[in-house]
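Everything on this sheet refers to the single structure shown next.
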Amino acid sequence: MKLKSLLFFAILAITSCNELEDNYKLCDSNYIYCNFFEIQFPEISQITDDNAQLSVEDLSTYRKLSQEHKNNSSSNSIFDNYTEIFIPRFSYNILDVNSLEKLWFGLALYPLDQRNNLSTVTDYFYNDFQTLNQSIYGECLRDKNSYLDTENSKIYNCVKDGLYSYDFWVSDEEFMWRMKCVWQENNFEGVNLKILKTEVVRSSDTCRKSFESFKSKIN
């Protein structure tokens, strides 16, 4: 048993690196969870099993909610109609050598707010609606100086008791997408026992890489 353990760590040492490698996979229609979008995720990560696969019926429901809000003059925000906080449609995590989760990334779909721009929508969410989110992730502040802050995308930095996370929002012609990335250590040794690979993970860089790669594929 001791010899096997030594052999395993020898293999990890050979495959390890001192810097974050640009080794990413593409989640697209070849994966059951990514029929309506594509996104890159680290090779060292693992797709988690807490995903709710998007369906055509889901898209129809979200479009209906969006239209109901648009036609309701008393509805200030889409969140007056849609109260779900976060339903992971795709998520991955990165573990350490002890199989402890060190980083988690998730992606969720939201109905589009057709009466407000994205800045107004997210301001409303974080000022008036995010009670449950704040209890878990703490205060979230928009990073207006980030290159990820554009007309159709907004990024928020959240922190609570040593737990750090990004909220990244993207709007397109029909829907809003929200991505959540959570970590405690910005630099750690990530391990994937299935492929016998280890590498130094920079959490914030890893999150942004997935943010940048996201593309909606809903026609």
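Quick note: the coordinates plus some simple rules give every number you see, no bench work behind them. Since the structure is predicted, the reported quantities are computational estimates derived from the model, not experimental observations. FYI the Cβ positions are ideal-geometry reconstructions off the backbone, even for glycines, and counts take in every protein chain you see.
Normalised by the number of residues in the chain, the average gap of Cα pairs under 8 Å and 6 or more apart makes the relative contact order 25 percent.
For segment 2-216, with the dipole built from +1 on Lys and Arg beta-carbon atoms and -1 on Asp and Glu ones, taken about the Cα centre, which of GLN134, ILE195, LEU95 lies farthest toward the positive end? It is ILE195, whose Cα lies furthest towards the positive end. Across ILE136, ILE87, ILE39, mean-square fluctuation computed from a Gaussian network of the chain (C-alpha pairs under 10 Å connected) peaks at ILE136. A simple rule links phi to the HN-Hα coupling: the Karplus curve 6.51 cos²θ - 1.76 cosθ + 1.60 with θ = phi - 60°, which for segment 139-156 gives 6, 10, 10, 6, 9, 6, 8, 6, 5, 8, 8, 10, 4, 10, 8, 9, 10, 10 Hz, with x for Gly and Pro.
Are there GluC sites (Glu not before Pro) in segment 96-161 that DSSP marks as loop and that have at most 10 other Cβ atoms within 10 Å, and which are they? Before the final figure, lay out each step's value.
Numbers: sites: GLU101, GLU139, GLU151; in loops: GLU151.
Passing both the DSSP loop test and the Cβ count: GLU151.
Considering only VAL56, VAL97, VAL159, the Gaussian network model of the chain with Cα springs below 10 Å gives its largest mean-square fluctuation to VAL56. What the phi angles of segment 188-201 give under the Karplus curve with 6.51, -1.76 and 1.60, with θ = phi - 60°, is a coupling list of 8, 8, x, 9, 10, 5, 5, 10, 6, 9, 9, 7, 6, 9 Hz, glycine and proline written as x. Against the empirical curve 2.2 N^0.38 Å, the C-alpha radius of gyration of the chain lands at a ratio of 1.11. The distance separating the Cα centre of segment 164-219 from that of segment 47-92 comes to 21 Å. Per-residue Karplus couplings for segment 94-102, computed as 6.51 cos²θ - 1.76 cosθ + 1.60 with θ equal to phi - 60°, are listed in order as 10, 9, 9, 5, 8, 6, 8, 6, 10 Hz, Gly and Pro entered as x. Mean residue ellipticity, 222 nm, helices only, the chain: the sum of -39500 (n - 2.57) across DSSP H runs of n ≥ 4, divided by residue count and rounded to 500, is -7500 deg cm²/dmol.
Take TRP177, TRP183 and order them by how many other Cβ atoms sit within 10 Å, fewest up front.
Values: TRP177 20, TRP183 23.
With the fewest neighbours first, TRP177, TRP183 line up as TRP177, TRP183.
Counting Lys and Arg as +1 and Asp and Glu as -1, each charge on the Cβ, what is the dipole of segment 2-216 about the Cα centre in debye, to the nearest 20? Display every interim value, and only then the final one.
Working: 21 positive and 32 negative charges, 75 e Å.
The dipole of segment 2-216 has a size of about 360 debye.
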